[in-house]
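Everything below concerns the one structure shown next.
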Amino acid sequence: MRLALGAVAVIDGISRAFGWLASFAVLAACLISAAVASARYGLGIGSNAWLEIQWYLFGAMILLGGAWTLRRNEHVRVDLLYLAASPRLRLWIDLFGLVFFLMPGMLLLATLSWSPFAESFLRHEISESPGGLVRWPVKLLLPVGFALLALQGVAEIIRRIAALRGAGALDAEYVRPEQ
């Protein structure tokens, strides 16, 4: 179990690094958005490339930040039954969801999204918009993001098994969001 928990620490580090990149994408998108608006309305100039980079960055925010969100236990969940459950039952619910929903879904999506990326890369696909960007980088975000989420899913499965066996405490306690 110690070796598995060591792997969890490595996976957490990878997720943290990509979470940092996702945070940087938020900042970059905000700065670019402000610059595009200023250029368009202040100077009367614009560019499709700058508009497209904003949605590329939005994709990076979601796909690269998903694994870190899962690590921090801040993902969306249906907490109707979860809140009433004991901590041990919550571990079992999490484990069930991770094994039977997250992992198959992420592995399937990572696999299915690889071909569109590869085809785009090999064809040197470019946006149809005048001045548009190369498409393969944003298409690469799909398999990478899904694979990162699956990898973090493995870490969360190990973390919950360790907690159920008494080999480690779960340091990602769920707090219901305020509304």
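The values are calculated or read from the model by the stated rules, or taken from the named source; none is laboratory data. Note that the structure is predicted; figures quoted are calculated from it, not measured. In this analysis, Cβ positions are derived from the backbone assuming ideal geometry, glycine residues included, and neighbour counts consider all displayed protein chains.
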_Which count do you get for residues in the stretch 67-103 that are farther than 20 Å from D12 by Cα and either in a helix (DSSP H, G or I) or at pLDDT 90 or above (or both)?_
9
*Within the stretch 110-152, how many residues are more than 27 Å from S15 (Cβ to Cβ) and assigned to a helix (DSSP H, G or I)?*
3
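Yes or no, residue by residue, for (1) touching a Lys or Arg at 6+ places or on another chain (Cβ under 7 Å); (2) at pLDDT 95 or above:
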| residue | (1), (2) |
| --- | --- |
| L109 | no, yes |
| R123 | no, yes |
| S129 | no, no |
| L148 | no, yes |
| G153 | no, yes |
| I157 | no, yes |
| R165 | no, no |
| A172 | yes, no |
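When the stretch 37-66 is examined, which residues are found to be of a type in the set (F, W, Y), at pLDDT below 95 and under 28 Å from the mean Cα position of the chain (by Cα)? If you could, list the steps in order and put the result at the bottom.
So in the stretch 37-66, the residues of a type in the set (F, W, Y) come out as 41, 50, 55-56, 58.
Retained after the next criterion (residues that are at pLDDT below 95): 41, 50, 55.
Answer for the stretch 37-66, where residues must be of a type in the set (F, W, Y), at pLDDT below 95 and under 28 Å from the mean Cα position of the chain (by Cα): W50, W55.
Of the residues L83, L51, L70, only one is surrounded by 13 or more Cβ atoms within 10 Å (Cβ to Cβ) and either in contact with a strand residue (DSSP E or B) (Cβ under 7 Å, 6 or more places away or on another chain) or under 25 Å from L149 (Cα atoms) (or both); which? Before the answer, list the steps.
Details: L83 fails: surrounded by 13 or more Cβ atoms within 10 Å (Cβ to Cβ); L51 fails: either in contact with a strand residue (DSSP E or B) (Cβ under 7 Å, 6 or more places away or on another chain) or under 25 Å from L149 (Cα atoms) (or both).
Only one candidate qualifies: L70.
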